[in-house]
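Below is one structure; the comments refer to it alone.
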Amino acid sequence: MSNSRGERPIVGRAPFTESPVEWAVSADAVDYPDAVRAMQERAAQIAQGVAPELVWLLEHPPIYTAGTRTHLEDLLHPDRFPVHRTGRGGQLTYHGPGQRIVYVMLDVKGRTGDVRAFVGALEDWMIATLAELGVTGERRADRVGVWVRRPHKGPNAEDKIAAIGLRISKWVSLHGLSLNVAPNLAHYDGIVPCGVAGYGVTSLADLGASHAMEVVDKVLRGEFERRFGPTQDACAPGDGTGGDTFAMASPQRRSPAP
C-alpha cells in the first residue's frame, strides 16, 4: 500500500531493526580508509543484532575510489588525487568537498531479502530527493546511478548527478550513495566516471539548483523516512563521544593506485 504521497511503501524491517535508524552527520571531512573501517565495524554489529542500523552523512577530501570492476585504463591521471581500492561494486568514481556522501548500513535481508529491490529503493530515495530540490533525476537500465537530461548539449545528452555503489556483507549494506551538491566538477577529469564514457557529470549548483548542504540533508532525511521508516539523531563515528574513533581527514595521505 502506498503512503499518503503516492510513493512506494516503506521498505520492511527485520525484528531486531524495529528501533529507528540512527542518522549521523559528520561536520568535518573524513579520510576514506577510516570511514570504511568504521562502516565495517558497524555493519558487523548490525549483523550480530547488537547495534541499530545507521545512515551516515559526510564528505571526503578529494580522492578517487576504485570499485571491484575497475579498469585501469579508466584512471586517466593516477597522480592527481589519492586512489583507494574499495570493496564496493562498480568502477572508478570521485569523492570530494561539496559532494554529499551517504553511507547506508541497513539490514537488507530483514527489509527486502532482495538486493535488486533494495538498490531500487535507494534509487527512488535519491530521485525523490532531487525532485524536492528542483531537479528531475532518472534511472537508466544500462547505467547505474541517477541521470539528468541535458538537451542543450545534444538530443541524447545526459549527465550523472548521483552515484550508487554497495557492498553487502552478511546481508548488511555498506557504502551507499553520493550526490553532487556543489563539488569541483573538473576533478572528475582524471577518470572515466564509473567506466561510462560519452556522458558527463553535473551537480545541483551546475544545474542552477544551489542549496546549502544542510538543506540537502534535511530533504534526504525526510525522503528516507518516507521509504525506510523513522530515524533518530546519533553521533557520527569518530566524533570523540564514544564508539568508533579515528582521526579526521589528512589530505596529504596517499594510497597507491590500483
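Among Trp147, Trp125, the ranking by other beta carbons within 10 Å of each residue's beta carbon, starting with the fewest, stands as Trp147, Trp125. Amide H to amide H distances under 5 Å link Ser169 with Leu174, where only residues 5 or more positions off or on other chains count and H is placed in the peptide plane. The stretch between Asn184 and Arg140 holds 13.4 nm of extra length on full extension. This uses 0.36 nm per residue minus the Cα-Cα distance.
Note on Val115 and Ser19: with the Förster distance fixed at 25 Å, the Cβ-Cβ geometry gives a FRET efficiency of about 0.60.
Please report the antiparallel percentage of the DSSP beta bridges confined to the range 15-233, to the nearest 5. If we restrict to bridges inside the range 15-233, about 70 percent are antiparallel. Across the range 15-233, the mean sequence separation of Cα contacts (distance under 8 Å, 6 or more residues apart), normalised by length, yields a relative contact order of 24 percent.
Any idea what the relative contact order of the range 34-131 is, in percent, if you count C-alpha pairs under 8 Å spaced at least 6 apart?
Relative contact order comes out at 32 percent.
Once backbone amide H atoms are built at 1.01 Å from N, Val201 has Lys160 as its partners under 5 Å, excluding neighbours fewer than 5 places away on the same chain.
In the range 15-233, the ratio of gyration radius to Kirkwood radius, Rg to Rh, stands at 0.94 when only Cα atoms are counted. Per-residue 3J(HN,Hα) values for the range 105-122, derived from phi via the Karplus relation 6.51 cos²θ - 1.76 cosθ + 1.60 with θ = phi - 60°, read 10, 10, 7, 5, 5, x, 8, 9, x, 9, 5, 4, 5, 5, 4, x, 5, 5 Hz in sequence order (x marks Gly and Pro). When only alpha carbons are used to place a centre, the range 22-59 and the range 98-167 end up 21 Å from one another.
Rule-based calculations on the coordinates, nothing more; no lab input. This is a predicted model, so every value here is computed, not measured. When we count neighbours, we look across all protein chains shown, and the Cβ atoms used for this are built from the backbone with ideal geometry, even at glycine.
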